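The values are calculated or read from the model by the stated rules, or taken from the named source; none is laboratory data. Keep in mind that this is a model prediction, so the values were computed, not measured. FYI the Cβ positions are ideal-geometry reconstructions off the backbone, even for glycines, and counts take in every protein chain you see.
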Amino acid sequence: MNKHTPLFLKLGGSLLTDKTGVEAVRADVLARAAQEIRRALDDRPGLRLLLGHGSGSFGHVAGARYGTRQGVHTPEQWWGFAEVGAAAARLNGLVMEALRAAGVPALRLPPSALVVCADGRIASLTLPPVQMALDAGLVPVVFGDVAFDARRGGTIVSTEEALVALADELRPSWLLLAGETEGVYDLDGAVIPEITPANFAAVAPALGGSRGADVTGGMAAKVRSMLDLAAAHPHLAMRIFSGLQPDNLRRALLAPEAAPGTVIRFNHG
């Protein structure tokens with residue numbers, strides 16, 4: 001891994017919150033994740049890290065109530081737009097507090113201030129603040145958030161969508177996706193070691209949906225979006241793994257190729 005190439009890490013909403021509840025954060029999991037990030041930064045000085053986190057039982061619940069992802073036009077929908085943004089910010093505030101408590105030099109960069117969409121897709125992204133934060137040795141933090149949309153008025157940008165847009169510019173070699181599962185499971189419940197375009201059709205029936213409210217599509221949509229990203233960036237590999245297992249997160253940050261979980265990439269490794 002090039003020392004100048006950033007590593008992307010996403011802490012999933014299913015990891016940080018109970019997605020079957022409402023704004024139910026897993027404080028112990030969040031604190032341990034922040035501590036493992038700090039240890040990884042200590043173990044590898046100069047590691048350039050960009051962090052994203054999902055909205056889990058915070059933004060998804062409000063987003064589903066108001067239908068924000070589909071569009072925002074009426075006064076009630078704009079109220080909902082602001083409510084979804086506030087819910088996402090509440091979880092982000094807890095994440096930032098945990099990172100600071102662990103000694104991680106994190107800086108929040110909300111997509112609502114960085115991104116403009118067109119019909120639900122990111123059309124423009126303000127990159128310089130992200131690049132300058134990385135150059136300063138900070139850990140930029142993005143998250144699932146609302147965004148203005150030239151056609152829909154407003155929409156929701158998932159963490160993966162924000163990370164994909166940033167990957168187009170920053171060209172990370174790894175995107176690590178820490179969730180509550182050990183990887184992507186096959187129909188027998190075993191972890192699939194690797195997913196590529198060559199075997200996606202065979203594993204797709206096992207992907208199903210996700211537990212709890214998720215307005216951004218669940219596991220099947222996430223895997224498809226990661227394969228699309230891999231096709232656009234053959235140098236990029238992604239790993240889906242459990243952030244619930246102690247030390248998994250630190251191990252993944254230090255040695256992504258050797259860590260547990262499922263790798264998603266364009267070509268067989």
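Key figures for this structure:
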read-out	value
Residue within region 141-148 that is aliphatic (A, V, I, L, M) and either within 23 Å of ARG39 (Cα to Cα) or surrounded by fewer than 18 Cβ atoms within 10 Å (Cβ to Cβ) (or both) present	yes
So ALA136, is it touching a strand residue (DSSP E or B) at 6+ places or on another chain (Cβ under 9 Å) and free of Cβ contacts under 8 Å to residues at least 12 places away in the same chain	yes
Where a residue in region 7-22 is under 17 Å from ASN248 (Cβ atoms) and in contact (Cβ under 8 Å) with a residue 12 or more places away in the chain and its partner, wherever it lies, is in a loop (DSSP other than H, G, I, E, B) and among the basic types (Lys, Arg), with Cβ under 8 Å and at least six apart	LEU7/ARG48; SER14/ARG211; LEU15/ARG26; LEU16/ARG26
Residue within region 51-61 that is of a type in the set (Val, Ile, Thr), touching a Leu at 6+ places or on another chain (Cβ under 7 Å) and at pLDDT below 95 present	no
Subset of region 65-95 [surrounded by fewer than 15 Cβ atoms within 10 Å (Cβ to Cβ), of a type in the set (Gly, Ala, Ser) and either assigned to a helix (DSSP H, G or I) or at pLDDT 95 or above (or both)]	ALA86, GLY93
Yes/no for LEU51 being in contact (Cβ under 8 Å) with a residue 40 or more places away in the chain, outside any helix (DSSP H, G or I) and under 17 Å from the mean Cα position of the chain (by Cα)	yes
Test: residue in region 168-183 that is over 18 Å from ARG265 (Cβ atoms), acidic (Asp, Glu), within 14 Å of the chain's Cα centre (by Cα) and at pLDDT below 85	no
Helices (runs of 4 or more DSSP H) wholly inside region 151-268 that include at least 3 residues being surrounded by 14 or more Cβ atoms within 10 Å (Cβ to Cβ)	159-170, 218-232, 248-254
Given (1) under 16 Å from the mean Cα position of the chain (by Cα); (2) assigned to a loop (DSSP other than H, G, I, E, B), number of the condition ALA33 does not satisfy	(2)
